[in-house]
Amino acid sequence: MQVEQQLSEIQNVVDETLKLAKKLGATAAEASMSKVQGISVTSRMQEVETVEFTNDGGLGVCVFVGSKKGNASTADLSPDALRLTVEKAIEIAKYTSEDNCSGLADADLIATDIPDLDLYHPQTLDAEYALQQALAAEKAGLDTDPRIVNSDGGSYNANLGVRVYGNTHGINAGYPSSRFSLSCVLIAQEGDDMQRDYAYTVSREANKLDSAQTVGKSAGEHTISRLGARKISTAKVPVLFHRDIASGLFGHFVGAVSGGSLYRKSSFLLDSINTQVFPNWLSIEERPHMLRGLASSPFDNEGVRTTDMDIVKNGMLEHYLLTSYSARKLSLTSNGHAGGIHNCIVSDTGHSDEALLREMGTGLIVTELMGQGVNIVNGDYSRGAAGFWVENGVIQYPVHEITIAGNLKDMFMNIVAIGKTREVRGSLQTGSVLISEMQIAGN
């Protein structure tokens with residue numbers, strides 16, 4: 001089926017659902033539907049392990065009866081099932097509490113212009129091709145070094161989908177998108193020492209993925225580099241968060257400035273708008289209309305139009321990240337963040353990887369984090385870590401079984417440099433992040 005036809009058919013279902021909701025007594029309603037086709041294959045030790053085809057789809061409807069809200073969903077799109085789904089949502093709404101902050105997004109915020117963001121690059125979902133990619137990545141990894149003795153597998157995934165959102169303010173819009181990824185996980189052994197690491201690539205376009213050989217070789221080199229890891233002594237030293245994991249630091253920031261945390265008063269960045277939360281050279285820009293962006297979208301999950309936004313400018317927090325509900329709770333206006341962020345890009349200081357090591361001098365590179373020791377309420381941060389010890393700007397040896405600790409407020413203000421080579425495989429793009437000092441708990 002042509003994607004345009006599929007889009008049109010889903011829009012018809014959404015339109016029918018909204019009309020039904022009004023007819024059956026809802027004062028307002030919204031409906032969203034997605035249809036995804038995909039293939040996922042895995043190999044392990046050069047044997048085919050799994051081949052899965054998916055063909056998923058479902059409709060979710062949310063109705064409002066005054067300021068009461070009810071939700072229901074269905075995968076059956078027959079007229080009887082649609083009617084039953086809407087009836088159940090309205091029935092649920094009658095039993096929920098009144099909430100003056102609930103309701104559709106404000107009509108004047110709804111997207112009317114839906115730009116084509118070039119998110120859809122279809123390719124035949126070919127099991128043979130997918131297996132070749134997974135097996136080739138794994139083979140390249142296994143061939144990297146004789147000390148690579150085992151594999152947790154090569155994996156290839158492809159998804160082609162269509163998403164439509166509509167509500168009784170008049171929007172009924174959608175767009176198709178595609179996503180492809182290839183990964184490889186390996187295990188190396190030297191004596192009694194065993195280490196595990198991985199590599200992956202992801203893109204909207206299958207032909208823009210890194211080659212299977214590149215992914216496998218990278219996974220092999222990462223894994224081998226961890227052999228011989230040791231503990232280090234407890235100390236306070238500079239810490240460099242490698243770009244592969246540095247986005248997690250800013251993920252904690254995103255959580256702390258999101259409306260849900262703020263109206264519940266469970267954020268260490270309460271009342272921080274227009275105050276300095278990062279060094280004055282650091283900015284975070286959101287660019288939701290980036291062509292082929294992995295987190296690009298013309299509107300959010302409530303149909304609110306997305307726009308370019310400077311979340312942090314010159315270290316100052318300029319915007320909270322708000323949905324309609326959280327905005328009303330805070331007496332503010334939604335800015336299109338139902339469903340998350342859209343391509344947040346952290347500025348850098350122009351440092352190369354080598355320059356970051358020289359800037360650090362002696363300290364720790366963190367390449368892996370473990371555990372959930374982050375408290376968004378007060379900012380306390382304590383996580384298990386692994387990485388590399390650096391002296392005089394030169395990597396000396398791998399490190400494991402340590403804990404790094406600090407407070408996110410201090411950590412953010414103590415960022416001294418960010419590398420110019422960015423991690424771009426997610427919704428938050430940043431280079432490696434150097435923090436002037438953190439507590440390391442080791443021997």
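Annotations for the structure displayed:
- Being of a type in the set (S, T, N, Q), modelled with pLDDT of 95 or more, more than 30 Å from Ile171 (Cα to Cα) and under 21 Å from the mean Cα position of the chain (by Cα) is a property that holds for Ser267.
- Residue count for region 413-423, restricted to those that are under 13 Å from Trp281 (Cβ atoms) and surrounded by 20 or more Cβ atoms within 10 Å (Cβ to Cβ): 3.
- The residue of region 321-342 that is nearest to Thr168 (Cα to Cα), among those that are polar (S, T, N, Q) and surrounded by fewer than 20 Cβ atoms within 10 Å (Cβ to Cβ), is Thr333.
- Restricting attention to region 106-164, the residues that are of a type outside the set (A, V, I, L, M) and outside any strand (DSSP E or B) total 25.
- Taking (1) at pLDDT below 95; (2) under 30 Å from Ala130 (Cβ atoms) in turn, Gly60 satisfies each apart from (1).
- Single residue of Val377, Val390, Val394 found to be among the aliphatic types (A, V, I, L, M), surrounded by fewer than 18 Cβ atoms within 10 Å (Cβ to Cβ) and touching a Ser or Thr at 6+ places or on another chain (Cβ under 8 Å): Val377
- Residues that are small (Gly, Ala, Ser) and in contact (Cβ under 8 Å) with a residue 12 or more places away in the chain within region 189-210 comprise Ala199, Ser203, Ala206, listed in sequence order.
- Residue satisfying condition, being over 20 Å from the mean Cα position of the chain (by Cα), buried (at least 21 other Cβ atoms within 10 Å of the Cβ) and either not charged (D, E, K, R) or not assigned by TED's automatic domain parsing to the domain that holds Asn12 (or both), within set Thr168, Thr223, Thr144, Thr214: Thr223
- Matching entry among Thr430, Thr349 (being within 22 Å of the chain's Cα centre (by Cα) and under 30 Å from Arg292 (Cα atoms)): Thr430
- For region 293-352, the set of residues classified as under 15 Å from Ser258 (Cβ atoms), assigned to a strand (DSSP E or B), out of contact with any Leu (no Cβ under 8 Å at 6 or more places or on another chain) and free of Cβ contacts under 8 Å to residues at least 60 places away in the same chain consists of Met309 only.
- If you go through region 270-298 and pick out every residue that is of a type in the set (A, V, I, L, M, F, W, C), out of contact with any strand residue (DSSP E or B) (no Cβ under 7 Å at 6 or more places or on another chain) and more than 26 Å from Lys420 (Cα to Cα), you end up with 1.
- Residue in region 47-65 that is farther than 30 Å from Gly216 by Cβ and hydroxyl-bearing (Ser, Thr, Tyr) present: no
- Any chance Glu318 is surrounded by fewer than 22 Cβ atoms within 10 Å (Cβ to Cβ), of a type in the set (D, E, K, R) and at pLDDT 95 or above: yes
- Sub-7 Å Cβ pairs linking a first residue in region 425-443 that is among the acidic types (Asp, Glu) to a second residue that is surrounded by fewer than 17 Cβ atoms within 10 Å (Cβ to Cβ) and not in a loop (DSSP other than H, G, I, E, B), at least 6 apart or interchain, are Glu437/Lys236, ordered by first then second residue.
The values are calculated or read from the model by the stated rules, or taken from the named source; none is laboratory data. Keep in mind the model is a prediction, meaning the values are calculated, not measured. We place every Cβ from the backbone using ideal geometry, glycine too, and count neighbours over all the protein chains shown.
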